[in-house]
Amino acid sequence: MWLLDSGASAHFTNNFNTFVEYQPYVKPHHSQTANCLASVLGKNSVLICFNENIVQLSPMIYMPICTFQLVSLGTLLKNNCLYVQSTKGYIHIIDDCTKHNVISFHTHGDSTMYWVRAPPVHDITNANINMIAIDYKLLHHQLRHSSKNVFSAVHKHVKDYPSMTILPVEPICPGCQLGKQPNRPFVVNESHTMKPFELIHLDLKFFETKSYHRSRYIIIIYDDYTFMGWIKPL
């Protein structure tokens, strides 16, 4: 169950298993609650299913002692395509581009608490459902780190391309930053090795996202004499 909170600064969950992507903090952060200073261990994205729509909640903050799972109304409305529509006993989040109801929260009686039952989603490979509230960061990472110019022009050539907000200044993508760093020129070396493994070259590569087998590093080994190379996930 998710509660709608108009005063929350972000989305919060106490259930680690809801995350589809998770990034732990190097050091625990802290957030002031009504009763205490609570530890915040990490953040990233959660997908929930509502009436055959998959709704992305990001950034989702992981706070183990949180009593309820909270959806921040202010964070939802940072997406310029979304707006609020209310009826008796309901608060609806509407996509202004498609006019579809993204998600609805309801209350009972005179209560001022609005909530929704929306199960988390972990596998959307074979799901015949709509993806709602897609943002630039998500597509940038999923579509080979394409630039803003590419995304700005896609809707002219692709039918039913989802609408999204592209901010004038987006945070620097670590993957793009590393990929565009120029290499220093290699100095010409006239010496040659005379037997295998007399000289080997090693390189260690770090990845932001874990592989299928939970590896975050690969080590590359290259033999100068035989020109053979090996790659080992770590």
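The numbers here are math on the coordinates, done by the rules we state, and not lab data. Here the structure is a predicted model, which is why all the values come from computation and not from measurement. With ideal geometry, Cβ positions are generated from the backbone for all residues, glycine too; neighbour counts draw on all protein chains shown.
Observations on the model:
- A cut-off of 5 Å between modelled amide H atoms, ignoring neighbours fewer than 5 places along the same chain, links MET60 with ASN44, SER45, VAL46.
- Among the listed pairs LYS78/LYS232; LYS78/LYS205; LYS195/LYS232, those with a Cα-Cα distance over 32 Å are LYS78/LYS232; LYS78/LYS205.
- The longest stretch of the chain left intact once loop-based trypsin sites (Lys or Arg not before Pro) with at most 15 other Cβ atoms within 10 Å are removed from consideration, loops following DSSP, is 1-77.
- For the chain, the Cα-based Rg and Dmax, in that order, read 23.4, 85 Å.
- In Å, descending, principal axis extents of the Cα set of the stretch 1-73: 37, 26, 16
- By the beta carbon rule, with partners counted only under 4.7 Å, the chain holds these lone Cys residues: CYS36, CYS49, CYS66, CYS81, CYS97.
- Chymotrypsin sites (Phe, Trp or Tyr not before Pro) within the stretch 171-213, DSSP loop, no more than 10 other Cβ atoms inside 10 Å: PHE186, TYR212
- Annotation: the antiparallel percentage among DSSP beta bridges lying fully within the stretch 2-133 is about 75.
- Beta bridge orientation in the chain: antiparallel %, DSSP, nearest 5: 80 percent
- Theoretical ellipticity at 222 nm over the chain - DSSP helices of four or more residues, -39500 (n - 2.57) apiece, nearest 500: -2500 deg cm²/dmol
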